[in-house]
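Participant: Have a look at this one before I ask anything.
The values are calculated or read from the model by the stated rules, or taken from the named source; none is laboratory data. Because the structure is predicted, anything quoted here is derived from the model rather than measured. Using ideal geometry, Cβ is built from the backbone for each residue, glycine included, and neighbour counts are taken over all protein chains shown.
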Amino acid sequence: MPAAAEVSQVKRGEAGRAGGDVRSDVHVTVEEHSSGGIEISLQSRVALYYGDRIRQQVLDTVRELGVEHAHLTIVDEGALPFVIGARAETALKRTGLGGSNKSLPDAIPLPPASAKDRMRRSRLYLPGNEPKYFINAGLHAPDAVILDLEDSVHHAEKDAARLLVRNALRAVDFGAAERMVRINQLPLGLTDLEEIVPQSPDLILIPKVEAVTQVAEVDAAIARIAKQFGVTRPIWLMPILESALGIENALAIATGSDRIAALTIGLEDYTADLGVVKTATGGESLYARQRVVNAAHAAHVQAIDSVYGDMADMEGLQRWGEASRAMGFEGMGCIHPMQIEVIHRAFAPSATELEKALKIVAAFEDAQAKGIGVVSLGSKMIDAPVVNRAVKLVARAKQMGLIPSSEGGRS
Amino acid sequence: MSAIATAELVTNAIGRRVPTLVNGREQTPYAGVDGHSPVGNKYGPPIRTNSDYPRNGDKRAPDLETALRLCGLRDGMTISSHHHLRNGDRVALTALETAARMGAKDLMWFPSASFPCHEPVIDLMKSGAVHHIEGSMNGPLGDFCSHGNMRGLGVLRSHGGRWQAVQDGEVHIDIAVIAAPTADFFGNADGAHGKSACGSLGFALTDSVYADRVIVVTDNLVPFPCIPWQIQGNNVDYVVEVESIGDPSKIVSGTTQITRSPDRLRISYLVAQFLRDSGIMRNGFSFQAGAGGVALAFVDYLARMMKEAGVKASFVRGGSTKYLVDMLKEGLTGYILDGQTFDLDAVRSIATDPRHVPTSPFTSYNFHGKGNFASIVDACVLGATEVDVNFNANVVTHSDGRLLHGIGGWQNCLFAGCTILAVPSFRDRIPVIVDEVTTLTGPGELIDVIATERGIAINPKRQDLLDAVKGKGMPIRTIEEIKAEVERICGGKPAKPKLGDRPVAVVKWVDGTVLDTVWQVLEDNPYSAKVAGGE
């Protein structure tokens, strides 16, 4: 049947989601044509308000990718422009069109570059292929957002999530949050870096690290791509240890690159590797978490804890966070924005701790001013490490807004 | 074919074009918030005599058809009903369908609100039994009216405005059909007890007083006397006993759910924080919030803040839910003054706790009275579909002009000491803050605060509020700033949908003047967002 054969030769591709209770996403189907130019048929819940602009945007994307003949069918559920661009590009690429061309959304100004030792109490996970969670994530004021390309993204959607996250890094204002991306396990993670690194992410999380060679590979890829695209801002690394072997190699991994700013642990996979049940109190992973803390401090990087999985249990979260801080962790992950405030509270020093630290710092400054080498508080002499810890604690407390400063307070 | 008198349009005091004739009745254009001074006397229903009613007090009629016949059902009459059974109501539709079966034509249906369960009224309008509706319309009924398919103009009134219209004689009710979860043969009726318990019957009170004829329909007939009585049998002509007045699962919700949306929770939190940090939350204060997800979360946050600060409210106004009932039980408020009872906990509470008091649109909202409760309230949290840069708001249509929601108590609540609209800054991709609202439902001079997830805008007229929260670390921004940010996110200003030049409904102000016109919708739009607030 020649007709059927002809039909089967038409190349098609699709991307994105629509229908049902889908919001803020768009489904794009592309059919390659050999003639007839670009045809776009659009169905949108916001057609009355943005229909013309959606057509224009898709047309621009098609042209930027160098495609001349195609039919695009768009079913839109109120997707924002950065999402429409990513979905259209993904659908075209899946059709085999566009080659290595890209269609990038306009970039908003980048937030200030990230410092290696910046505060990382909370990092909010955003599933990389769920655009509706992106736009307001920064409003909840986490210390960081993680645009996740790994476990939260179905293996068939890795390419779609990659372009969506790339566009989000250019177009979405995440406020004061550090912009982190969790790439896939290598080698797929290296493909992720090709799209992500040119957009100046602040930090890359490397999943399931077991050996320092993995860190080195990522480090080298970042350096190469950054150079190629003229990215000069620092891009930090946070390896995630998620297996017994990874934990055993913690120190080597933590010292594996100058880019490493923090070391963290993934408890779901770690407990699975051990074949034990993950409990609310975490006794089964105590050794691993202590090992991470110790290796991180030995390498002078931050130790960051895993996530607390029960979204409804805010008291359990608070207890976990407080215990975590007491162990030497400086932060943990969040799976829901409502966890952020609780975590920030849990990782804040207590009033007594802060009061003591302020006294020590004052005594230290007093001694400095008087040119005395020994710091003393009342009848007690204060050792240098204690002074150092107090100085650090006061500095962090200032960042947390716990100490009202006379120059207008926290921004 | 259209019976709409395309009367002359005039521009009212807030710059909207409104018709001067609506369903054959002369109208007064809106003249400002307090611009209209009524004259004359209230409407008086016909005098009745005890001689015409059974001396033993037994006013039972065998069925609704008999009752309607005895009430003198005729073509062109106005039949009223009430929405205290919400989407579980079976009485209003049964009454209209019975009247239609009896051959009545050109009826005007005058509900206090309509719900999706009333969709079959469309068929009655198509068949000619119902001429038009004066009351809230949404969903399929709203679409029917929005597309210009109704023979008369829709008239949208607030709960208080409905009382005002009846009391001032603007609407004459021929037959009121009151669904009663409990009643006796004399017509005394109560809403707090019975298998179809719904709480307050306040919406039906006006009709019981002013209608020519009153029918009480109940599925829980109790021996005289029905105690307590929210409706007095002395106003009732006939009592009809039926198997069921409604579906209990749709009359009240089992448990009202707080929103889980992080963005909506953020809005709720910001509103609670605003009340606390502005000093409105203080001993003896009062507030009102609805039963939408945002409102519930707001009440939950505020209750925690009140506990922390050791603050107690003198009273709160419902829409009551479990969250208000918990506050009452914990001593965080002295009273609940309840206009509508939303969930099972609230129904139980109104039935048992004397501090949980049913109220009516007369006490709460009526503008042509000697004051009302709504303006005594310190703060009120409401929703909206659109807000403009002058703080004018729309709650009845979406931006495409399609009827989406009734006014409810929304307009009446604007008179609170501090009116807060809690709205997302955009829905899907559609900005909520616009240059000019599609349908003006509330004048900006009464709207004090717009709380969105991207920050809080305070009406520049309220310098006192601006001063009160200064330096408190709240995200206070100008409405223009929030608007500009959202337009950047959404990819520019939305195009303004083109509307027809034929009125399909009017929006009344609380004093009975015409505030705005709802125009015929021309284009088909799949968009139909659900919006909290205004009920």
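Participant: Which is more than 17 Å from the chain's Cα centre (by Cα), part of a helix (DSSP H, G or I), of a type outside the set (G, A, S) and farther than 22 Å from A:I304 by Cα, of A:Q214, A:Q228?
Facilitator: Working: A:Q214 fails: farther than 22 Å from A:I304 by Cα.
Going through A:Q214, A:Q228 in turn, just one is more than 17 Å from the chain's Cα centre (by Cα), part of a helix (DSSP H, G or I), of a type outside the set (G, A, S) and farther than 22 Å from A:I304 by Cα: A:Q228.
Participant: List the number of the failed condition for B:D501; all other conditions in (1) in contact (Cβ under 8 Å) with a residue 24 or more places away in the chain; (2) over 17 Å from B:N392 (Cα atoms); (3) part of a strand (DSSP E or B) hold.
Facilitator: (1)
Participant: Any chance the range B:400-421 includes a residue that's part of a strand (DSSP E or B) and within 14 Å of chain A (Cβ to nearest Cβ)? Can you show your working first?
Facilitator: Of the range B:400-421, the ones part of a strand (DSSP E or B) are B:403, B:418-421.
In the following step, the residues that additionally are within 14 Å of chain A (Cβ to nearest Cβ) were identified as none.
Checked the range B:400-421: no residue is part of a strand (DSSP E or B) and within 14 Å of chain A (Cβ to nearest Cβ).
Participant: Moving to a separate point now. When you look at B:F298, is it crowded, with 21+ Cβ neighbours inside 10 Å, under 25 Å from the mean Cα position of the chain (by Cα) and part of a strand (DSSP E or B), yes or no? Outline the logic, then answer.
Facilitator: Numbers: crowded, with 21+ Cβ neighbours inside 10 Å: yes; under 25 Å from the mean Cα position of the chain (by Cα): yes; part of a strand (DSSP E or B): no.
Judged against the criteria, B:F298 is not a match.
Participant: I'd like the full set of residues that are assigned to a loop (DSSP other than H, G, I, E, B) and in contact with an Asp or Glu (Cβ under 8 Å, 6 or more places away or on another chain), limited to the range B:348-373.
Facilitator: Start the filter on the range B:348-373 by keeping residues that are assigned to a loop (DSSP other than H, G, I, E, B), which leaves B:353-355, B:359-360, B:365-372.
Scanning the range B:348-373 gives B:T359, B:F367, B:H368.
Participant: Still on this structure, I have one more. Take the residues in the range A:281-334 that are assigned to a loop (DSSP other than H, G, I, E, B) and among the hydroxyl-bearing types (S, T, Y), then tell me which one is modelled with the highest pLDDT.
Facilitator: A:Y308
Participant: Quick one: is A:E341 free of Cβ contacts under 8 Å to residues at least 60 places away in the same chain and within 14 Å of another protein chain (Cβ to nearest Cβ)?
Facilitator: yes
Participant: Where residues in the range A:14-25 are on the phi > 0 side of the Ramachandran plot and touching an Asp or Glu at 6+ places or on another chain (Cβ under 7 Å), which of them is nearest to the other protein chains (Cβ to nearest Cβ)? Can you show your working first?
Facilitator: Within the range A:14-25, the subset on the phi > 0 side of the Ramachandran plot is A:16, A:19-20, A:24.
Pick out the ones that are also touching an Asp or Glu at 6+ places or on another chain (Cβ under 7 Å) and you get A:16, A:24.
Working: A:G16: 15, A:S24: 7 Å.
The residue in question is A:S24.
Participant: Looking only at the range B:298-346, count how many residues are touching a Gly at 6+ places or on another chain (Cβ under 7 Å) and free of Cβ contacts under 8 Å to residues at least 24 places away in the same chain.
Facilitator: Qualifying residue count, the range B:298-346: 1.
Participant: Then there is this: Residue by residue through the range A:26-41, note down the ones that are under 14 Å from A:A70 (Cα atoms) and either within 14 Å of another protein chain (Cβ to nearest Cβ) or surrounded by 14 or more Cβ atoms within 10 Å (Cβ to Cβ) (or both). Steps first, please.
Facilitator: Initial filter on the range A:26-41 (under 14 Å from A:A70 (Cα atoms)): A:28-41.
Of everything in the range A:26-41, those that are under 14 Å from A:A70 (Cα atoms) and either within 14 Å of another protein chain (Cβ to nearest Cβ) or surrounded by 14 or more Cβ atoms within 10 Å (Cβ to Cβ) (or both) turn out to be A:V28, A:T29, A:V30, A:E31, A:E32, A:H33, A:I38, A:I40.
Participant: Do we have any residue at all in the range B:338-347 that's part of a strand (DSSP E or B), over 20 Å from B:L85 (Cα atoms) and not acidic (D, E)?
Facilitator: Looking only at the range B:338-347, we keep the residues that are part of a strand (DSSP E or B), and these are B:338-341, B:343.
Narrowing the set further to residues that are over 20 Å from B:L85 (Cα atoms) leaves none.
No, because not a single residue in the range B:338-347 is part of a strand (DSSP E or B), over 20 Å from B:L85 (Cα atoms) and not acidic (D, E).
Participant: Pairs please, first residue from the range B:160-178 and assigned to a helix (DSSP H, G or I), second anywhere and hydrophobic (A, V, I, L, M, F, W, C), Cβ atoms under 7 Å, 6+ apart in sequence or on different chains.
Facilitator: Hits for this filter: B:G160/B:F367; B:G160/B:V510; B:G161/B:V510; B:W163/B:F362; B:Q164/B:F367; B:Q164/B:V510; B:A165/B:V171; B:V166/B:I173.
Participant: Based on what the data block shows, is A:E130 under 30 Å from B:L265 (Cα atoms), modelled with pLDDT of 95 or more and either within 11 Å of chain B (Cβ to nearest Cβ) or crowded, with 16+ Cβ neighbours inside 10 Å (or both)? Please lay out each step first, then the result.
Facilitator: On the way: under 30 Å from B:L265 (Cα atoms): yes; modelled with pLDDT of 95 or more: yes; either within 11 Å of chain B (Cβ to nearest Cβ) or crowded, with 16+ Cβ neighbours inside 10 Å (or both): yes.
In short, yes.
Participant: Within the bounds of the range A:94-109, is there any residue that is modelled with pLDDT of 95 or more, over 24 Å from B:S268 (Cα atoms) and either part of a helix (DSSP H, G or I) or of a type in the set (F, W, Y) (or both)?
Facilitator: Yes, that holds for at least one residue.
Participant: For the range A:43-72, how many residues are within 14 Å of chain B (Cβ to nearest Cβ), surrounded by 17 or more Cβ atoms within 10 Å (Cβ to Cβ) and either among the hydroxyl-bearing types (S, T, Y) or more than 19 Å from A:K102 (Cβ to Cβ) (or both)?
Facilitator: Taking the range A:43-72 and keeping what is within 14 Å of chain B (Cβ to nearest Cβ), we get A:43-58, A:60-61.
Checking the rest, the ones that are also surrounded by 17 or more Cβ atoms within 10 Å (Cβ to Cβ) come to A:44-50, A:53-55, A:57-58, A:61.
The next check asks that each one be either among the hydroxyl-bearing types (S, T, Y) or more than 19 Å from A:K102 (Cβ to Cβ) (or both); those that pass are A:44-50, A:53-55, A:61.
Qualifying residue count, the range A:43-72: 11.
Participant: State yes or no: is B:Q273 free of Cβ contacts under 8 Å to residues at least 40 places away in the same chain and either among the charged types (D, E, K, R) or within 14 Å of chain A (Cβ to nearest Cβ) (or both)?
Facilitator: Values: free of Cβ contacts under 8 Å to residues at least 40 places away in the same chain: no; either among the charged types (D, E, K, R) or within 14 Å of chain A (Cβ to nearest Cβ) (or both): yes.
Considered against the rule, which asks whether it is free of Cβ contacts under 8 Å to residues at least 40 places away in the same chain and either among the charged types (D, E, K, R) or within 14 Å of chain A (Cβ to nearest Cβ) (or both), B:Q273 comes out as no.
Participant: Name the residue that is surrounded by the most Cβ atoms within 10 Å (Cβ to Cβ), counting only residues in the range B:477-501 that are at pLDDT 95 or above and more than 14 Å from every other protein chain (Cβ to nearest Cβ).
Facilitator: B:K483
Participant: Any residue at all in the range B:443-461 that's out of contact with any strand residue (DSSP E or B) (no Cβ under 9 Å at 6 or more places or on another chain) and at the interface with another protein chain (Cβ under 10 Å from one of its Cβ atoms)? Give the steps one after another, and end with the answer.
Facilitator: Taking the range B:443-461 first, the residues out of contact with any strand residue (DSSP E or B) (no Cβ under 9 Å at 6 or more places or on another chain) are B:445, B:453, B:460-461.
So of that shortlist, the ones also at the interface with another protein chain (Cβ under 10 Å from one of its Cβ atoms) come out as B:453.
Among the residues of the range B:443-461, at least one is out of contact with any strand residue (DSSP E or B) (no Cβ under 9 Å at 6 or more places or on another chain) and at the interface with another protein chain (Cβ under 10 Å from one of its Cβ atoms), which makes the answer yes.
Participant: Exactly one condition in (1) within 11 Å of the chain's Cα centre (by Cα); (2) of a type in the set (G, A, S); (3) farther than 21 Å from A:G321 by Cβ is false for A:S114; which is it?
Facilitator: Result: A:S114 passes all but (1).
Participant: Which condition breaks for A:L92 when tested against (1) surrounded by fewer than 21 Cβ atoms within 10 Å (Cβ to Cβ); (2) of a type in the set (A, V, I, L, M, F, W, C); (3) over 23 Å from A:A176 (Cβ atoms); (4) more than 14 Å from every other protein chain (Cβ to nearest Cβ)?
Facilitator: For A:L92, the exception is condition (1).
Participant: Being surrounded by fewer than 24 Cβ atoms within 10 Å (Cβ to Cβ), more than 24 Å from the chain's Cα centre (by Cα) and of a type in the set (D, E): is that true of B:D277 here?
Facilitator: On the way: surrounded by fewer than 24 Cβ atoms within 10 Å (Cβ to Cβ): yes; more than 24 Å from the chain's Cα centre (by Cα): yes; of a type in the set (D, E): yes.
Considered against the rule, which asks whether it is surrounded by fewer than 24 Cβ atoms within 10 Å (Cβ to Cβ), more than 24 Å from the chain's Cα centre (by Cα) and of a type in the set (D, E), B:D277 comes out as yes.
Participant: Hey, could you check the range B:1-19 for residues that are β-branched (V, I, T) and at pLDDT below 95 and say which is nearest to the chain's Cα centre (by Cα)? Show your work before the answer.
Facilitator: Taking the range B:1-19 first, the residues β-branched (V, I, T) are B:4, B:6, B:10-11, B:14, B:18.
From what's left, at pLDDT below 95: B:4, B:6.
Numbers: B:I4: 25, B:T6: 28 Å.
My answer is B:I4.
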